[in-house]
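A short worksheet on the structure shown next.
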Amino acid sequence: MRQQAEAGARLGEKLTQAGLLLSRNRFEEAEEIVNQIPTHFAAASIFNVLGIVHAHREQWSAAITNLMKVVEYMPTDHEAYHLLAPSLVQNGDLEAYARHRERILRQFAGTSDPIVAERMAKDCLFVAPPASDLTTIARMVETAVAAGPNHRLWPYFQFVKGLAEYRQGRFASAVEWLQPVLPRSGDMYRTVQAYMTLAMAQRRLMQTDQARATLAKGVEIAETRFPKSGKASLDEQWHDWIIAHVLMREASSLIEGAPGQTQEAK
C-alpha cells in the first residue's frame, strides 16, 4: 500500500509539472516529462494538448504519436478519434487510417449522440470507405439527421448526409442535401467541403459545366481565406482544413483529371 501511495504521489508530481509547463507554452519540456510516465489514463489530457500543438505546427508524425495515446487511454472519448483520422491521412498513412476507421466503427457505430455520430461518420467518409462499411456509416448519419433542423449543428448534419449520399452513389440526393449548406455562413471549411462534394455529385450526374463552376467557387474560397501551409500556425480547425483539401484534390481529379488545384495540404 505504501509503495502504491508513493508511486501515485510521484505520478501526480509529474503530471502537475507537465501541466505547469504546458500552461507556460513550454511544450517540448512538458512532452519530455509526460513521456517518462508509465501508461496511465490521467496523462491523456496532456497528450491531447501536445497532439494539437504538433498539429498546429504541421508536425504530423508527432501529432499522431500523441493522439494515439489519447485513444489508447480514453477509448470512449470521440474527440481524439476525430483529430487522429485526418492527421493520419495528412501524413500519408492510408493503411493506418483504414485501421483507425475500423476502430471508429467498432467503438461508435451504435452511438445515440447526434454530434458524435456526425463527426465519426464524417471521419469515415472524407476518404472513400469500403462499400462494406457504408451501411454502418449510413446508420450513424441517420442518427445525426434525426436530430432535426432545429439543432444548432444542423448544417453539419446536412453536409455529412450529403457526403454519405454521394459515397453511396445517390448523386441527385447528395445535391439536394448539399445545396442548402452553401449559403450558411460561419464555417468556411464546411462551405468548401460542401462545394467539393457538390461538384463531384454534379460531375457524376454529367452536369459538367456546373461541376466546374462549383469546384472553382470552392477553390477560390480555399485559396483566399484558408491558412497557408508552412506559412503560419494552422487555426483551431486544422482537422477540417485537412478534410477540405482532401476533398478538393478528389474533386479536382474527378472533374479536371488532374491533382488538386491548390498546393496546400500535400
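Below is a table of values for the structure above.
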{"quantity": "Failed criterion for H82 (all others in (1) modelled with pLDDT of 95 or more; (2) more than 12 Å from the chain's Cα centre (by Cα) hold)", "calculated": "(2)"}
{"quantity": "Verdict on A164 being more than 21 Å from S87 (Cβ to Cβ) and assigned to a helix (DSSP H, G or I)", "calculated": "yes"}
{"quantity": "Qualifying positions in the range 109-124 - in a loop (DSSP other than H, G, I, E, B) and either under 21 Å from Y166 (Cβ atoms) or at pLDDT below 95 (or both)", "calculated": "A109"}
{"quantity": "Residue within the range 226-246 that is modelled with pLDDT of 95 or more, charged (D, E, K, R) and under 24 Å from E79 (Cα atoms) present", "calculated": "yes"}
{"quantity": "Residue list for the range 178-227, filter: farther than 14 Å from M248 by Cβ, exposed (fewer than 14 other Cβ atoms within 10 Å of the Cβ) and not hydrophobic (A, V, I, L, M, F, W, C)", "calculated": "P183, S185, G186, T208, D209"}
{"quantity": "Filtered residue count, the range 200-248, keeping only those that are touching a residue at least 12 places away in the same chain (Cβ under 8 Å), of a type in the set (D, E, K, R) and in a helix (DSSP H, G or I)", "calculated": "7"}
{"quantity": "Residue, nearest to H56 (Cα to Cα), within the range 218-241, restricted to residues that are touching an Asp or Glu at 6+ places or on another chain (Cβ under 9 Å) and aliphatic (A, V, I, L, M)", "calculated": "L234"}
{"quantity": "Residue among L88, L84 that alone is in contact with a His (Cβ under 9 Å, 6 or more places away or on another chain) and farther than 20 Å from K228 by Cα", "calculated": "L84"}
{"quantity": "Hits in the range 171-188 - residues which are closer than 20 Å to V145 by Cα and either aliphatic (A, V, I, L, M) or assigned to a helix (DSSP H, G or I) (or both)", "calculated": "F171, A172, S173, A174, V175, E176, W177, L178, Q179, P180, V181, L182"}
{"quantity": "Inter-residue pairs, beta-carbon under 8 Å, first closer than 24 Å to A147 by Cβ and in the range 85-113, second of a type in the set (K, R), 6+ apart", "calculated": "A85/R101; A109/R139"}
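The values are calculated or read from the model by the stated rules, or taken from the named source; none is laboratory data. Just so it is clear, the structure is predicted and the values come from calculations on it, not from any experiment. Here the Cβ is made from the backbone with ideal geometry for all residues, glycine too, and neighbour counts use every protein chain on show.
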